[in-house]
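Chemist: Quick one: structure below, then a few questions.
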Amino acid sequence: MHNKVLKTAYYNNPNNKLLEDYLVLYGSVYELVELSPDDFYSVYKKTFSPLVQIAENMGFKYWET
């Protein structure tokens, strides 16, 4: 879902300030938009899995949707 939202936002306005939040995942938004859905998921998971683990260790609960 994030991949589709990112691409939609980028193609509608490549200078959208909200896209800067995605720079945590990759060096440039353009390169991130060009990733396949599987590659995007891999980058997303690689970035956020450690953060989820840290949150769980701090007592936050992780939920499945």
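Chemist: Considering only region 18-65, how many residues are in a loop (DSSP other than H, G, I, E, B) and of a type in the set (A, V, I, L, M)?
Modeler: Taking region 18-65 and keeping what is in a loop (DSSP other than H, G, I, E, B), we get 25-28, 34-36, 58-65.
Cutting the leftovers down to of a type in the set (A, V, I, L, M) gives us 25, 35, 58.
Of the residues in region 18-65, 3 are in a loop (DSSP other than H, G, I, E, B) and of a type in the set (A, V, I, L, M).
Chemist: Give me the pairs: first residue in region 13-34 and under 16 Å from Asn3 (Cβ atoms), second residue of a type in the set (Asp, Glu), beta-carbon distance under 8 Å, and six or more apart or on different chains, which are they?
Modeler: That search, which allows pairs on different chains as well, returns Val29/Glu20.
Chemist: Here's a follow-up. On the basis of being of a type in the set (Asp, Glu), free of Cβ contacts under 8 Å to residues at least 40 places away in the same chain and surrounded by 11 or more Cβ atoms within 10 Å (Cβ to Cβ), does Glu56 make the cut? Write out each step before concluding.
Modeler: Details: of a type in the set (Asp, Glu): yes; free of Cβ contacts under 8 Å to residues at least 40 places away in the same chain: yes; surrounded by 11 or more Cβ atoms within 10 Å (Cβ to Cβ): yes.
Answer is yes for this residue.
Where a number appears in this text, it was derived from the coordinates with a stated rule and is not lab data. Here the structure is a predicted model, which is why all the values come from computation and not from measurement. Virtual Cβ from ideal backbone geometry, glycine too; neighbours counted across all protein chains shown.
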